[in-house]
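Visitor: I am attaching a structure below and will ask some questions about it afterwards.
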Amino acid sequence: MHIMIVQETYDFLKNNYTEIFRNTTIERVVVGVYFTAVKLSSGFAGMGKTEIDSHCCNSYKHKRNFGDFSPGKINGQKIIDLFEKAENTDVLNNVRLAVLNAVSSEIISRSNYNVIEDKDPIELIDLNHKKTICVVGAFQSYINKIAATQNNLFVLELNENAFEENQKQFYVPAEKYAETFSKSDIIIITGATLANNTLNTLLANIPERAQTILVGPSSSLIPDVLFRHKINIIGSTRILDAEKMFTIISEGGTGYHLFNTCAKKICILNDGFKKN
């Protein structure tokens, strides 16, 4: 199972929304190339980035999974058993994150969080006054939009080849996150860091003055725990058509395919957020 924030979020949900975890089952799962998606018996759906360890070899006999949550047996299982009884594998960790996002979607839909519909977090930031902005991950749309302003831009990324040639001036090796954060006014982090277990380390190095944004389909968790960990805005995803989502993900679709067909962007604001 994922550690830290994902674990904290599960504990928070289980303790505060016990009935959901006791009664809800998994109706359908699709593990795609880029995303893992689930639909629950409640009708709500969620997704998260598919993160598989490239060094893992499931052909090894001792790593073969024939348990209650092995392929072909997940549909119909209770979600609480997924967290409490299922094996700790990359695939099931991906399913766990998607389930937490689906459960969170149900709760957010009937709660009083400060939600702004049909907005991307970048639209809530004042880019007209010069600041230093750090983006974690080569978000093409964000890079292009910020690069067109007078702001200082740094993009932390593992792979320099993820950039267009004219964007490489913004590239900073990912391991330099601490020193880059120290001089940043705004920090934008991909929700994929929840899937690869790097978010906790990143958040531990964010300066108090910085505004922090977590964005992407993986970051659709209930915000309570994320807000406690310095997140000011969550760029979340609401699934509008689960069946269409499954089709797109199973055919190798990515975020922009989903937002063009079956999902919408919402922003959840920490009450302490101030546009600067």
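Visitor: Below 8 Å between Cα atoms, with a sequence gap of 6+, how large is the relative contact order for the stretch 102-247 in percent? Before the final figure, lay out each step's value.
Guide: Numbers: 205 pairs, mean separation 31.4, N = 146.
Value for the stretch 102-247: 22 percent.
Visitor: Additional query: Sort 171-184, 90-103 by the packing proxy (mean of other Cβ within 10 Å over each peptide's residues), most packed first. Each step should come with its number before you reach the end.
Guide: Details: 171-184: 15.6, 90-103: 25.1.
Most protected by this proxy first, the peptides run 90-103, 171-184.
Visitor: In nm, to one decimal, how far is the modelled label at T254 from the one at Q169, with both set 7 Å along Cα→Cβ?
Guide: A separation of 2.4 nm, rounded to one decimal place.
Visitor: What percent do you get for the relative contact order of the chain when only Cα pairs under 8 Å and 6+ apart count? List each step's numbers first, then the result.
Guide: Working: 511 pairs, mean separation 61.2, N = 276.
Contact order relative to length: 22 percent.
Visitor: At 7 Å along Cα-to-Cβ for each site, give me the label-to-label distance between D68 and E19 in nm.
Guide: 2.4
Visitor: Ignoring any ligand, DNA or RNA, what whole percent of the accessible area of the chain comes from carbon and sulfur when the probe is 1.4 angstrom?
Guide: Working: 6140 of 13140 Å².
About 47 percent, which is the carbon plus sulfur part of the accessible surface.
Visitor: Output the direction-averaged projected area (hull surface divided by four) of the convex hull of the alpha-carbon atoms of the stretch 81-230, in nm².
Guide: On the way: hull surface 40.9 nm².
Averaging across all directions leaves 10.2 nm² for the Cα convex hull.
Visitor: While we're looking at this one, here's another question. Could you sort out which of K39/K78; K244/K264; K168/K264; K49/K183; K78/K264 sit more than 22 Å apart by Cα distance in this structure? Spell out each step's value before the answer.
Guide: Working: K39/K78 12 Å; K244/K264 13 Å; K168/K264 30 Å; K49/K183 29 Å; K78/K264 27 Å.
Checking Cα-Cα distances, K168/K264; K49/K183; K78/K264 exceed 22 Å.
Visitor: Let me ask something else about it. With a 1.4 Å probe and all protein chains left in place, how much accessible area per residue does the chain have, in Å²?
Guide: Details: 13140 Å² over 276 residues.
Counting only protein heavy atoms, the per-residue value for the chain is 48 Å².
Visitor: Could you sort D68, D120 by their accessible area in this structure, using a 1.4 Å probe and putting the largest first?
Guide: D68, D120
Visitor: Helices from the chain with mean Kyte-Doolittle at least -1.0 and a Cα length along the axis of 24 Å or more, per DSSP H: which?
Guide: On the way: long enough: 90-109 (29 Å, 0.82).
Qualifying helices: 90-109.
Visitor: May I pose another question? Add -39500 (n - 2.57) for each DSSP H run of 4 or more in the chain, then divide by its residues: what number comes out at 222 nm, to the nearest 500 deg cm²/dmol? Write down the numbers at each step before the final one.
Guide: Details: 11 runs with 87 residues, N = 276.
Helix-only estimate at 222 nm: -8500 deg cm²/dmol.
Visitor: Moving to a separate point now. Would you please put 28-39, 152-163 in order of how densely packed they are, using the mean number of other Cβ atoms within 10 angstrom per residue and starting with the highest? If you can, show how the numbers build up before the last one.
Guide: Values: 28-39: 22.2, 152-163: 16.5.
Order by mean packing, descending: 28-39, 152-163.
Visitor: Could you tell me what fraction of 2.2 N^0.38 Å the Cα radius of gyration of the stretch 153-276 comes to, as a two-decimal ratio?
Guide: Working: Rg = 15.7 Å, N = 124, 2.2 N^0.38 = 13.7 Å.
So the stretch 153-276 has a normalised radius of gyration of 1.14.
The values are calculated or read from the model by the stated rules, or taken from the named source; none is laboratory data. Everything quoted here is computed from the prediction, not taken from an experiment. Don't worry about glycine lacking a Cβ; one is built from the backbone with ideal geometry, like all the others, and counts go over all protein chains shown. All accessible areas refer to the heavy atoms of the entire protein, side chains included, with ligands and DNA or RNA removed. Shrake-Rupley method; radii C 1.70, N 1.55, O 1.52, S 1.80 Å.
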